[in-house]
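Inspection log for the structure reproduced underneath, given as structure tokens.
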Amino acid sequence: MTQASAPKRPLHETLELIKTVAVALVAATAFQTVLFQPFTIPSSSMEPGLVTGDYIVVSKYAYGWSRASLPFNPPLPDGRLFGRDPQRGDVVVFRRPSAPNEVWIKRLIGLPGDTVQVTGGTVFVNGQPMRQTPLGLIQDHDMPERTVVLVRETTGQKKHLTYDGGPGQPGDDTGAYVVPAGQYFMMGDNRDNSLDSRWPADVGVGLLPEENILGRAEIVAASWEPGASLFKPWTWVRLQTDRFFRRVN
């Protein structure tokens, strides 16, 4: 009996291993779908708060769930389950309206019903300029050869830092945008290096439909220097340790 049943043990152990891995994958997928999901910042458009190589954690439940919250953006009806309105100044992760497979991140500037206009690099919301305090010249984090003005800006209840590349930049002067119901006006903190709601959807973001929102950026968990890659093990030690565990403002 013992000799006859022995060959079954490796098969049994293999099936148990497959079951364990399957359960772990389902649990991980559910966790990322319902609660939190990590993303890597691929560009400089949200400098200086977020830089290329930052590994951020996004809360999926902050605004409720839509089809954008699910893997592969399935063709489900519009709307949000347990939806909550994002607040002006939130750093929002979303699916780009013109290319839903692309996940972007920007700051929410204009709420439904707002009128947003940029004049001379200053953002006006409903005719009122957002408060800006220049802090002096510094070098761009990702492009040290580029000199920018570091600016403290107040958006809603949030104070954060932006980069200003100087006067006369594309996007420094726009028409007035009236934000329709169910949509939002988004901007990058690196104001002169961001394709956002100042640009039409086929170039930047355009106006962002609420059903495209994926979640709210909460924290920088870790950060790698530009050029580091999962597929290049020798680059894994190129960490930006001073950026670990930073809350996203």
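The values are calculated or read from the model by the stated rules, or taken from the named source; none is laboratory data. Since we're looking at a predicted model, the values are computed, not measured. Backbone-built Cβ (ideal geometry, glycine too); neighbour counts: all protein chains shown. Only protein heavy atoms, including side chains, enter the accessible area calculation; ligands, DNA and RNA are left aside. Shrake-Rupley method; radii C 1.70, N 1.55, O 1.52, S 1.80 Å.
Descriptive notes on the structure:
- For region 182-190, 3J(HN,Hα) per residue [Karplus equation, 6.51 cos²θ - 1.76 cosθ + 1.60, θ = phi - 60°, Hz, x = Gly/Pro]: x, 9, 9, 9, 10, 9, x, 6, 7
- In this structure the amide hydrogen of Ala62, modeled in the peptide plane, comes within under 5 Å of the amide hydrogens of Arg216, none closer than 5 places in sequence on its chain.
- Using the Cβ of Arg243 as centre and a radius below 14 Å, the other residues enclosed give a net charge of -2, where K and R count +1 and D and E count -1.
- Centre separation in Å (Cα based) which lies between region 40-56 and region 150-223: 14 Å
- Atom-type composition of the exposed protein surface of region 195-249 places 62 percent of the accessible area on carbon and sulfur (1.4 angstrom probe).
- Surface listing: Thr174, Thr40, Thr235 arranged by accessible area from highest to lowest gives Thr40, Thr174, Thr235, probe 1.4 Å.
- With all protein chains modelled, accessible area of Glu145 [1.4 Å, Å²]: 140 Å²
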